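Visitor: One structure follows; several queries about it will come next.
The values are calculated or read from the model by the stated rules, or taken from the named source; none is laboratory data. The model shown is predicted, which means the values in this text are computed figures rather than measured ones. Note that we place each Cβ from the backbone using ideal geometry, even for glycine, and neighbour counts take in every protein chain shown.
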Amino acid sequence: MDKPPTSFFNGNRSFSDTLLGRQGVLKVGKTVAVDDHVNALSGLHGRALVARMIDLDALKSIYILLNDLCPGKGKVQYIGGLSVLITFDDNKMATVVRDVTREVLGRFSSVDLWEGQIFGFERLAWIKIVGVPFHLLSSQVINAIGSSVGKVVHTPNKSDDDDDLSYDYIGVLVGDGKRIDEEITVAWSDKKFNV
């Protein structure tokens with residue numbers, strides 16, 4: 001007679017791993033082969049701009065900026081991170097707007113005419129940070145925690161008058177689509193806190 005299994009498996013984690021909060025065995029992802037001729041949005045080549053904004057405030061004000069540069073022109077589509085795709089009716093308008101954006105200081109970090117070139121993937125992640133003792137719940141500490149997983153694009157603004165001091169949120173720019181689920185140790189004085 002066969003022996004019963006000594007551990008319970010749920011996907012790639014044993015019951016023991018689940019109880020102890022361990023991730024278990026990492027699963028290798030699947031690969032999807034895409035034909036080399038696939039080129040989405042090719043009709044926009046030459047008449048669209050890929051604009052990377054300098055910060056979150058600039059991203060939020062893209063419609064106002066675009067209206068100041070060329071009223072009534074351009075369609076804005078969010079493409080991830082701090083970037084947008086701005087489409088115009090023709091190449092001439094796209095080129096004019098690209099040239100004008102170079103004079104707008106402090107809003108765009110780059111503006112490129114899109115000809116089908118590859119741009120890296122970025123996304124904004126909003127992280128809820130819990131476990132920081134309230135005597136350490138400062139913007140400096142939260143920014144340090146956020147910086148350990150990505151580029152901080154939105155800093156917290158906790159105040160002494162907030163009703164709930166058990167958590168805070170921070171916005172970070174990351175280069176993949178993976179869920180951020182990490183435990184980070186905050187060292188203070190001779191103590192360590194897992195957050």
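Visitor: Do we have Ala125 as farther than 18 Å from Ala51 by Cβ, surrounded by fewer than 13 Cβ atoms within 10 Å (Cβ to Cβ) and either within 22 Å of the chain's Cα centre (by Cα) or outside the structural domain of Ala48 (by TED's automatic domain parsing) (or both) here?
Guide: On the way: farther than 18 Å from Ala51 by Cβ: yes; surrounded by fewer than 13 Cβ atoms within 10 Å (Cβ to Cβ): no; either within 22 Å of the chain's Cα centre (by Cα) or outside the structural domain of Ala48 (by TED's automatic domain parsing) (or both): yes.
Considered against the rule, which asks whether it is farther than 18 Å from Ala51 by Cβ, surrounded by fewer than 13 Cβ atoms within 10 Å (Cβ to Cβ) and either within 22 Å of the chain's Cα centre (by Cα) or outside the structural domain of Ala48 (by TED's automatic domain parsing) (or both), Ala125 comes out as no.
Visitor: Okay, moving on. Using the structure shown, decide if His135 is free of Cβ contacts under 8 Å to residues at least 12 places away in the same chain and either assigned by TED's automatic domain parsing to the domain that holds Glu183 or in contact with a Gly (Cβ under 6 Å, 6 or more places away or on another chain) (or both).
Guide: Values: free of Cβ contacts under 8 Å to residues at least 12 places away in the same chain: yes; either assigned by TED's automatic domain parsing to the domain that holds Glu183 or in contact with a Gly (Cβ under 6 Å, 6 or more places away or on another chain) (or both): yes.
It is true that His135 is free of Cβ contacts under 8 Å to residues at least 12 places away in the same chain and either assigned by TED's automatic domain parsing to the domain that holds Glu183 or in contact with a Gly (Cβ under 6 Å, 6 or more places away or on another chain) (or both).
Visitor: Output the residues belonging to segment 128-151 that are buried (at least 18 other Cβ atoms within 10 Å of the Cβ) and of a type in the set (Val, Ile, Thr).
Guide: Ile129, Val132, Val141, Ile142, Ile145
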